[in-house]
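Structure, as structure tokens:
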Amino acid sequence: MMILKINNQSFEVDVDVATPLLWVIREQAGLTGTKFGCGIGQCGACTVQLDGVPIRSCLTPLQAAADKEVITIEGIANDSELHTIQRVWIEEQVPQCGYCQSGQIMSAHALLANNTSPTDKDIDEAMSGNICRCGTYSRIKTGIKRASEELAAASSINTENNG
């Protein structure tokens, strides 16, 4: 028995600690936004964040998440309001088929949390582990840049209002 913290909620799970985190998230917690893609950590469809770091949940055993915070695609929105990266993704029509997009968004979200003004090289490096079979890479980059700009603008407004 283990308590797993996902999206600021605690889940009591009773599975082998070697079980891939992906299956615990989907089957035990019922959060199906995280997708199974390749099962070998190369496509990035299963990307979630573990203490803010993007990881491949298909390869990560449950025990690696002990005493850590798991954030899934469902956890980055604020109640009923989408996170900026999610909203921009929709507005820019980034996805084509959409299957890989939760993993793409989770990698982009982690990038923007650590780098508010990423260069093309920064984006390429952060997103290199996420494959899009539909080839929407230019739209992904556009979405990340726009989200970066919007987050920076919102941050400067908050700084002005608090300072």
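Listing for the model above:
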| quantity | calculated |
| --- | --- |
| Residues satisfying the stated conditions in region 75-129, i.e. aromatic (Phe, Trp, Tyr) and either in the same structural domain as residue 31 (by TED's automatic domain parsing) or without any contact (Cβ under 8 Å) to a residue 60 or more places away in the chain (or both) | 89 |
| Any hit, region 67-85, residues being within 18 Å of residue 100 (Cβ to Cβ), modelled with pLDDT of 95 or more and among the basic types (Lys, Arg) | no |
| Options 40, 55: the member that is assigned to a strand (DSSP E or B), free of Cβ contacts under 8 Å to residues at least 60 places away in the same chain and not assigned by TED's automatic domain parsing to the domain that holds residue 146 | 55 |
| Test: residue in region 138-151 that is over 18 Å from residue 37 (Cβ atoms), surrounded by fewer than 16 Cβ atoms within 10 Å (Cβ to Cβ) and without any contact (Cβ under 8 Å) to a residue 12 or more places away in the chain | yes |
| Residue 97 being within 21 Å of residue 137 (Cβ to Cβ) and modelled with pLDDT under 95 | yes |
| Qualifying residue in region 55-65 (condition: small (Gly, Ala, Ser) and buried (at least 24 other Cβ atoms within 10 Å of the Cβ)) | yes |
| Scan of region 85-125 for residues that are out of contact with any helix residue (DSSP H, G or I) (no Cβ under 7 Å at 6 or more places or on another chain), within 23 Å of residue 42 (Cα to Cα) and not in a helix (DSSP H, G or I), ordered by number | 96, 97, 98, 99, 100 |
| Failed item, numbered, when residue 156 is tested on (1) assigned to a loop (DSSP other than H, G, I, E, B); (2) surrounded by fewer than 16 Cβ atoms within 10 Å (Cβ to Cβ) | (1) |
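The values are calculated or read from the model by the stated rules, or taken from the named source; none is laboratory data. These numbers come from a predicted model, not from an experiment. Here the Cβ is made from the backbone with ideal geometry for all residues, glycine too, and neighbour counts use every protein chain on show.
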